[in-house]
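In what follows, a structure is listed as structure tokens, so that the remarks can point back to it.
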Amino acid sequence: MATHNDSTFREGQSTIRPPFFDVGEDIPKPSREWNELEKRKDSLNSKAMNALFCALDKKEFHRVSSCESANEIWHKLKVVYEGTNQVKESKISRYTRQYELFQMEQNESVYSMYTRFTDIVNTLGALGKTFSNSEKVKKIIRSLPKEWRQKMTAIEEAKDLNILPIDDLIGSLISYEEDLAAEKGNEEKKKSIALKALKHESDEESELDEEEMDMLARRFRKLFKKSSERRKFRDLKNRKENKEVIKCYECKKPGHIRTDCPLLSKFKKRAMVAI
């Protein structure tokens, strides 16, 4: 698509010397001189550049906006995102390690697990390392936790893992996961009912205990009242008994003291009469 300027071919200093060859810059061939093949290539290049520009955000567009061909744009983006061959090999090694150690995490859903797995596989695919369908199916089955051992065995016995589509495997695992969740929900519901029954029985026992306490309290108050009355009666009786034991120093009779002695009163009256 380019020609050389006529000035490139200059004659030497002598007429017997051959023409002097000087390599100059390529000058683009005018578009009016393009043949059909050149026109088709230019059209395809423009379409490819337009598709790439539309797929890029503003930041990435400015990175490649000065490129003059789709091939140049693609090469620059490849270097930016894949890096050099050394960087690419390092990424492949890192993601291959993640693939080899991949395991379904505790309490992780099948959907979440498959999303993580797909991210790793797609990244390796973009770097040039791919896996067959059977390899991915076997890897996912090996990554399941011990609680899924029964399901793993059933799949291995009933299916040919070499031809089992990975989408069918994931669908089967999601269905089994839903069954486990439903079974777990029923068990929790039974436990909840049992706990409510125990609580109800405990509340009833608590109410009975309160009634028994009230009854015991009433009995205690009644007994205390009777005991108090007995004590009062006993004290009164003791006072009477003690009063009968007292003897008067004047008349030597029990039941009163000297100041209350009737004999002493008579003596006082006589003394007052004598006066």
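Which of the residues spanning segment 136-170 are exposed (fewer than 15 other Cβ atoms within 10 Å of the Cβ), in a helix (DSSP H, G or I) and at pLDDT 90 or above? Once the filter is applied, which keeps residues that are exposed (fewer than 15 other Cβ atoms within 10 Å of the Cβ), in a helix (DSSP H, G or I) and at pLDDT 90 or above, segment 136-170 yields ARG142, ASP167, ASP168.
Of all residue pairs spaced 6 or more apart or on separate chains, those with beta-carbon atoms under 6 Å, a first member in segment 96-119 that is farther than 19 Å from GLY171 by Cα and a second member that is among the aliphatic types (A, V, I, L, M) are GLN98/ILE120; TYR99/ILE120.
The values are calculated or read from the model by the stated rules, or taken from the named source; none is laboratory data. Remember, predicted model here, so these are calculated numbers, not experimental data. When we count neighbours, we look across all protein chains shown, and the Cβ atoms used for this are built from the backbone with ideal geometry, even at glycine.
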